[in-house]
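The structure under discussion appears below in the form of structure tokens.
What follows draws every value from the coordinates through simple rules; no lab data is involved. Model, not experiment: these values are computed from the prediction. Backbone-built Cβ (ideal geometry, glycine too); neighbour counts: all protein chains shown.
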Amino acid sequence: MKEWLLGKNPGELRQITDSYGLPSFTAGQIARWIYQNKVRDIGEMTNLPKAAREKLSENYQVGGWSPVDVQESADGTKKYLFPTAAGSHTGIEAVMIPEQDRATLCLSSQAGCRLGCAFCMTARMGFQGQLSAGEIVGQFLNVQETGQLTNVVYMGMGEPLDNWKEVLRSLEIFTSSWGFAWSPRRITVSTSGILPVLDSFMEKTQAHLAVSLHNPFDAEREQLMPVQKAYPVSKIIRKLREYNFSGQRRLSFEYILFDGWNDTQRHAAALLQLLRGMDCRVNLIRFHPIPGFSMQPSKETAVNVFLARLNKAGLVTTVRASRGQDILAACGMLSVKKKEE
């Protein structure tokens, strides 16, 4: 397969154009064609000499995968299934979520995942490979709604901070003037809390951060999230307290509610204590049941009581609307289904 230009920065493109004896400004032209004009073929780069385009096309292609499956929910949510260069047998998923004046794309950063969270379908795939920056931004470029997207969240398959080098490269493409020139305030990166990388994320980006919390007690969180052994939630919170989130950058905590496991008043009280004094918000999430996992979603009464307790104490808390259940929108469900087929 020809090497992709997608995912490269101007410096890397300059190395390629220099090797062909092309003028130095050609690298900037190529970057604009890929990231701003969003062309799919080198032949479309019409301000490059035809001979240069032909030479480049011998060894390079723009890159990016077309989706192999697209499913649309009754609520407008769309799930895209893409192949990967990593050789994943199931592919990776991106989900477009429309909501009034917003259109958010949920991106995958890995094929599968190695963190092994018990409630996650992606975890059941195991780890099948890292996605390149080109494969990450390629999801953005190859959905039908690219031109209408207002936000991007790295909340799809995989742990973004476990593929930090390529995720950082993709964030640079999204936010650089030579790339998509997006404000980092339109981007949120989710993590289970890979402590050695958190400092780098905070220092090298201005994107919002969402931490997958799900339980305020270290011992209980470890029951469903093996990553807790290496990076306890208590240490994650201590690290985050070193940073200032009082400006435009937002810190949020994701909290999937499970019936009787983490939705009690004891958990609400512990969560308030854990996050006391932090400039943050909590997103409560209704669990989408998955095969082979015994825990069930919290009852609606418990959700409302939990929500009211946190808000009354001054911790800004919302319940995320469930979307796309009729198309297996939970990450990994479509991929696993395709593998079974």
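On the beta carbon distance between Asp101 and Lys229, with R0 = 51 Å, the FRET formula returns roughly 0.75.
Per-residue Karplus couplings for the stretch 19-26, computed as 6.51 cos²θ - 1.76 cosθ + 1.60 with θ equal to phi - 60°, are listed in order as 5, 9, x, 8, x, 4, 5, 4 Hz, Gly and Pro entered as x. Which of the listed residues, Ser66, Asn163, Phe140, is farthest toward the dipole's positive end in the stretch 55-195, when Lys, Arg count +1 and Asp, Glu count -1 at the beta-carbon? The residue sitting most towards the positive pole is Asn163. Okay, which of the stretch 148-164 sit inside 15 Å, backbone N to the point 7 Å along the Cα-Cβ direction of Phe293? Only 156-159 fall inside the zone, counting backbone N under 15 Å. Near the amide H of Val189, within less than 5 Å, lie the amide hydrogens of Tyr154, His208, Leu209, Ala210, all on another chain or at least 5 residues away, with H placed in the peptide plane. Relative to the current alpha-carbon distance between Asp259 and Glu242, full extension at 0.36 nm per residue lengthens the span by 2.8 nm.
Helical runs assigned H by DSSP (4 residues or longer) give the chain a calculated mean residue ellipticity at 222 nm of -9000 deg cm²/dmol, each run adding -39500 (n - 2.57) before division by the residue total. Here the chain is treated with +1 on each Lys and Arg Cβ and -1 on each Asp and Glu Cβ, and its dipole about the Cα centre works out to around 680 debye. Cross-linked pairs Lys79/Lys312; Lys38/Lys165; Lys8/Lys239; Lys79/Lys239; Lys79/Lys204: Cα-Cα separations exceed 27 Å for Lys79/Lys312; Lys8/Lys239; Lys79/Lys239; Lys79/Lys204.
Here the stretch 165-255 is treated with +1 on each Lys and Arg Cβ and -1 on each Asp and Glu Cβ, and its dipole about the Cα centre works out to around 200 debye. Computed from backbone phi, the HN-Hα couplings of the stretch 183-194 come to 5, x, 6, 8, 10, 10, 10, 9, 8, 7, x, 7 Hz, rounded to whole numbers (Karplus: 6.51 cos²θ - 1.76 cosθ + 1.60, θ = phi - 60°; Gly and Pro given as x). Using θ = phi - 60° in the Karplus curve 6.51 cos²θ - 1.76 cosθ + 1.60, the 3J(HN,Hα) couplings for the stretch 91-106 round to x, 10, 10, 10, 10, 9, 10, x, 7, 6, 8, 10, 9, 10, 10, 8 Hz; x is entered for Gly and Pro.
The stretch 211-279 and the stretch 2-28 have Cα centres separated by 44 Å.
The calculated FRET efficiency for the pair Val305 and Glu222, based on their C-beta separation and a Förster distance of 30 Å, comes to about 0.70. Under the simplified labelling scheme, the Asp279-Ala181 pair shows an inter-label distance of 2.9 nm, with each label point 7 Å from Cα along Cα→Cβ. Here each label is just a point 7 Å from Cα along the line to Cβ, and for Ala74 and Glu203 those points are 5.1 nm apart.
For the stretch 3-61, the dipole from Cβ point charges (+1 on Lys and Arg, -1 on Asp and Glu) about the Cα centre works out to 180 debye, to the nearest 20.
Estimated at 0.36 nm per residue, the fully extended path between Glu3 and Ser57 surpasses their Cα-Cα distance by 18.5 nm. Among beta bridges identified by DSSP and lying wholly in the chain, the antiparallel ones come to about 40 percent.
Amide hydrogen proximity for Thr84: with H placed 1.01 Å from N in the peptide plane, no residue at 5 or more positions away or on another chain lies under 5 Å.
Could you line up Ile290, Ile236 from fewest to most neighbouring Cβ atoms inside 10 Å?
Going from least to most buried by this count: Ile290, Ile236.
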